[in-house]
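The values are calculated or read from the model by the stated rules, or taken from the named source; none is laboratory data. What you see is a predicted model; the values in this text were computed from it and never measured. Glycine also receives a Cβ, built like all others from the backbone with ideal geometry; neighbour counts cover every protein chain displayed. Ligands, DNA and RNA are stripped out before the accessible areas are found, and what is left, the full protein with its side chains, is counted by its heavy atoms. Shrake-Rupley method; radii C 1.70, N 1.55, O 1.52, S 1.80 Å.
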Amino acid sequence: MTSTAAEQSSRAGQLYARLHDARVRSEELFGIVHPAALYDRPVPERHRIVFYLGHLEAFDWNLLREPLGLSSFDPEFDKLFAFGIDPVEGGLPADQPADWPSVERVREYNQRLREQLNAAIRGAGAKDPELGRLDLGRLLDVAIEHRLMHSETLCYMLHQLPGNRKLAQHTPPAPSAPAHVQRSITIPEGTVTLGLPRKEGGPFGWDNEFEENRVNVPAFHIDAFNVTNHDFLQFMRDGGYERRDLWTDAGWSWISSQKHHAPSFWVPEGDSWSYRAMFAEIPLPFDWPVYVSHDEASAYARWIGKELPSEAEWHRATLSTPEGTERAYPWGVDAPSSLHGNFNFQRWDPVSVGSYPAGKSAFGVADLVGNGWEWTRTPFEPFPGFKPFSFYSGYSANFFDGKHFVMKGGSPRTAACMLRRSFRNWFQPHYPYVYAKFRCVER
Ligand SMILES: [Fe+2]
């Protein structure tokens, strides 16, 4: 999939190169799965791993086939691998490994459609280097980011696979973390800009990022650092999972029915806990941010007499400055780098809070982007002026149900392109496998 210098300088060439890079990233991830585990289902609510092997390619194929003038050669696979699942009512899939095709057949399908897509994308780029025709540039952005998002969510699934079902990868040494002392930072009243303006030729964003809107945020106080595993242990020792008053009705019903009484990344070890890192169980790292569901984060916040930030408060603490301006990133305008935070596939696990002083916001709040998404108390809803993509109408609209909450920031496995300020992530409040952390606010 090499391209010429002329191709690389065009929008078509850049998107083609990014698609290639995203494919390398997703293949790297399938490469950590032991071959015998490809039909495993590490998370009961999700499909077996083999589905995702076909899905990433079938999605591109179903999205791009007609605009590129291509024809289906396997309609059955196009349909089988079209969509993932996100059951909200507790129903679990019951399919068996034998219900799925062989890995060899899936790989043949993948290779055949990739060859056709590659040739057609390069052909379209040769005719129209800026890809204005049929909105092809935007469709390629969708394909690239869809694949990168799955490269993250698939990682959540693979995290739950037992260690002997994975092939361990190298982990670089963690940056040295200055000792941190939790404190509250006052953010004065101000206005934040959410979303993206809808304009011809503007930057890519998913449907839920439009349109730009401004929100006034009253003054509040926010934790300078994320809540750590050590902090959360104090909540547990105080009976946090047994106190009905700390939980919503739905949250209480979830922890009771699932007998869920500790973060899903923690493993009981006699009277104490160890931690399920990506490739090994390790002693509970006290200074890492605790990864928990929205229900657990909310219960902790109630226990300490605070609450989770709203989406607008997160923006204000992260991207506003005391001078009244707004930034692209917490640290300013520079492109995200390994100096600023733990993101863009640098690592497989979090690091201690406060490890990236260069990534602090103008107000001095640490780790707002990277090292784990940040839960907000804001239900996932459309911005004023929302319009679904005609070619993917359910991407966001299927989740405007009051049962999902906005997350901001990014995790160790979030691609750099999705660290943009307008990007919104969302999950159900009791899905416990997300790389999501939190901090608290009060007024
Ligand atoms: Fe998908």
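Computed quantities for the displayed model
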| read-out | value |
| --- | --- |
| With 5 Å bins from 0: P(r) over segment 7-67, alpha-carbon pairs, percent | 4, 15, 18, 21, 17, 12, 7, 5, 2 |
| The chain, accessible area per residue, ligands and nucleic acids excluded (1.4 Å, Å²) | 42 Å² |
| Probe 1.4 Å, all protein chains present, accessible-area order of PHE204, PHE83, PHE232, largest first | PHE83, PHE204, PHE232 |
| Square roots of five times the Cα gyration tensor eigenvalues for segment 363-428, Å | 23, 14, 11 |
| Per-q log10 I(q)/I(0), segment 134-260, q = 0.17, 0.20, 0.22 Å⁻¹ (Debye; single scatterer per alpha-carbon; no solvent) | -1.25, -1.15, -1.16 |
| Vicinal HN-Hα couplings computed from phi for segment 205-211 (Karplus, 6.51 cos²θ - 1.76 cosθ + 1.60; Hz; Gly/Pro x) | x, 6, 4, 6, 7, 9, 9 |
| Prolate/oblate/rounded label for segment 295-443 (Cα gyration tensor, a/c 1.5) | rounded |
| Angstrom value of the Kirkwood radius, inverse mean 1/r, which spans all Cα pairs in segment 78-173 | 17.3 Å |
| Cα convex hull of segment 300-365, projected area averaged across orientations, nm² | 5.7 nm² |
| Dipole moment magnitude, nearest 20 debye, segment 358-414 about Cα centre, only Lys, Arg, Asp, Glu C-beta charged | 60 debye |
| Ranking by accessible area, most exposed first, for LYS408, LYS199 with a 1.4 Å probe | LYS199, LYS408 |
| Whole-Å distance, taken between Cα centres, linking segment 159-234 and segment 259-287 | 23 Å |
| Accessible surface of the chain [probe 1.4 Å, protein heavy atoms]: carbon and sulfur percent | 53 percent |
| Stokes-Einstein D in µm²/s, Kirkwood radius over Cα pairs - the chain at 25 °C with 0.890 mPa s viscosity | 107 µm²/s |
| Ratio of Rg to Rh over segment 231-327 (Cα coordinates, Kirkwood Rh, two decimals) | 1.06 |
| Lysines with Cα under 20 Å of LYS437, excluding same-chain neighbours fewer than 8 positions away | LYS306, LYS360, LYS403, LYS408 |
